[in-house]
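The values are calculated or read from the model by the stated rules, or taken from the named source; none is laboratory data. Every value quoted in this text rests on a predicted model; they were computed, and no experiment measured them. Cβ placement follows ideal geometry from the backbone for every residue including glycine, while neighbour counts extend to all protein chains displayed.
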Amino acid sequence: MTLDSTSTLQDDRSTTDRQAPASVRAMRVVLWVLAVAVFAQAISAGLFLDGHDGWVGWHAINGMLVLPLLAATQLVMAMLVWRRGHGPAQMAIASVGLLLALLLQGVLGETGQVVVHVPLGVAIFGLVGTLLVRARSLTRPVTQPAS
């Protein structure tokens, strides 16, 4: 191993150890809070479907207020990450889809369209999980091969 190859290894190591940009880290935090809120939504639905009527109000507030606000925040974060060159436009597009799905979900829940409301809830859960995985991959910088 020569002195030149040692310095190249150290340079590569320093680029893989760096932290993600603040906008990516903030987006990940918003996505984690959103994922917890979506999971709590599923739990509250299960509880009131099991006969605990007190959970209907919490389910409605979370679904009509908390989740759309978090999704709107996620959309803003995804746009910032994309516009600053730290992530793909697909994250922003998926975030628009998530916000629209949550708004539709609220309307379907209010009108009692359970046949569509429940499967859409499952799809929302999957979309949030997919966004979380994609956001995690943004924190792994690509290293340049040694020349």
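Taken over the stretch 57-87, the criterion of being free of Cβ contacts under 8 Å to residues at least 12 places away in the same chain and not charged (D, E, K, R) is satisfied by Gly57, Ile61, Leu65, Leu69, Val76, Trp82, Gly85. Within the stretch 95-105, the set of residues being in contact (Cβ under 8 Å) with a residue 12 or more places away in the chain and either more than 12 Å from Ala123 (Cα to Cα) or basic (Lys, Arg) (or both) comprises Ser95, Val96, Leu99, Leu103, Leu104. Considering every residue within the stretch 27-41, establish whether at least one is basic (Lys, Arg), out of contact with any His (no Cβ under 7 Å at 6 or more places or on another chain) and in contact (Cβ under 8 Å) with a residue 24 or more places away in the chain. Checking the stretch 27-41: at least one residue is basic (Lys, Arg), out of contact with any His (no Cβ under 7 Å at 6 or more places or on another chain) and in contact (Cβ under 8 Å) with a residue 24 or more places away in the chain. Inclusion of Leu102 among residues that are modelled with pLDDT of 95 or more and touching a Pro at 6+ places or on another chain (Cβ under 6 Å) is warranted.
Residues in the stretch 15-27: is at least one modelled with pLDDT of 90 or more, exposed (fewer than 14 other Cβ atoms within 10 Å of the Cβ) and of a type in the set (Ser, Thr, Tyr)? Scanning the stretch 15-27 turns up no residue that is modelled with pLDDT of 90 or more, exposed (fewer than 14 other Cβ atoms within 10 Å of the Cβ) and of a type in the set (Ser, Thr, Tyr).
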